[in-house]
Amino acid sequence: MKIPIELKHKPVIVSEEYDLVDGRSAGKSEAKGLSLGLAQWNDRGKVEISAKIWRHTGNKWSRQSEEIPLHRVIDLAILICRSKIFFSEMYHNKGKNYPKIDRIGMQGGAMNVRVCVENPYIEEDIKLFDKCLRKDDELIGERLRVLSSLLKEIGY
């Protein structure tokens, strides 16, 4: 399925048929494509690149398609990596007095990462999250290895 080009997000680099490799939803995902392109929120003279996940309901392109600035995509990858570290060391972090997980310096400030202790079901949800991470470890690990290799290739 071809990603639409007539909408406000202007795709430049695309990955079509993403539904065939979309993790556990592979083969049945409504996320039909990914793209990097010119953001739909661009104002004249202020051009940004964004990533977009294109969802298709089977009948039409979904309003739930998501456009994300590139730095947020990378921030999500950082959050995933930091969460994997936290959960791999979770036996050190039992109990309701969870520490702040990390304070990751960026842009002269920091991205704070912590357990959402305000969630009234946090203990149960942590167990479910951990179970999902473990279940999807092969899928996530494969992608992280590819990402690691590409980061090394471009000098990071």
Taking the Cα atoms only, what angle lies between the long axis of helix 70-88 and the longest principal axis of the chain, rounded to 10 degrees? 30
Diffusion coefficient in µm²/s returned for the chain by Stokes-Einstein, Kirkwood Rh over C-alpha pairs, 25 °C and 0.890 mPa s, is 136
Okay, helix-only estimate at 222 nm for the chain: each DSSP H run of n ≥ 4 adds -39500 (n - 2.57), divide by all residues, round to 500 deg cm²/dmol; what do you get? -10500 deg cm²/dmol
I'd like the orientation of helix 137-153 relative to the chain: the angle between its Cα long axis and the longest Cα principal axis, in ° from 0 to 90, rounded to 10. 70
What's the longest uninterrupted piece of the chain once you rule out the trypsin sites (Lys or Arg not before Pro) that are loop residues per DSSP with at most 13 other Cβ within 10 Å? 97-156
Taking region 1-83, which chymotrypsin sites (Phe, Trp or Tyr not before Pro) meet the DSSP loop condition and have no more than 14 other C-beta atoms within 10 Å? W41
With an 8 Å cut-off on Cα pairs and a minimum separation of 6 or more residues, tell me the relative contact order of region 1-85 in percent. 21
What is the fewest-to-most order of L151, L38 by other Cβ atoms lying within 10 Å of their Cβ? L151, L38
In nm, spacing of pseudo-spin labels at K135 and K46 (7 Å Cα→C-beta vector): 4.2
Computed from the beta carbon distance with a Förster radius of 30 Å, FRET efficiency for E123 and L147 to the nearest 0.05 stands at 0.45
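FYI, it's all coordinate maths here, none of it is from the lab. Quick caveat, the model's predicted, so the values are computed rather than measured. Neighbour counts run over all protein chains shown; Cβ positions are idealised from the backbone, glycine included.
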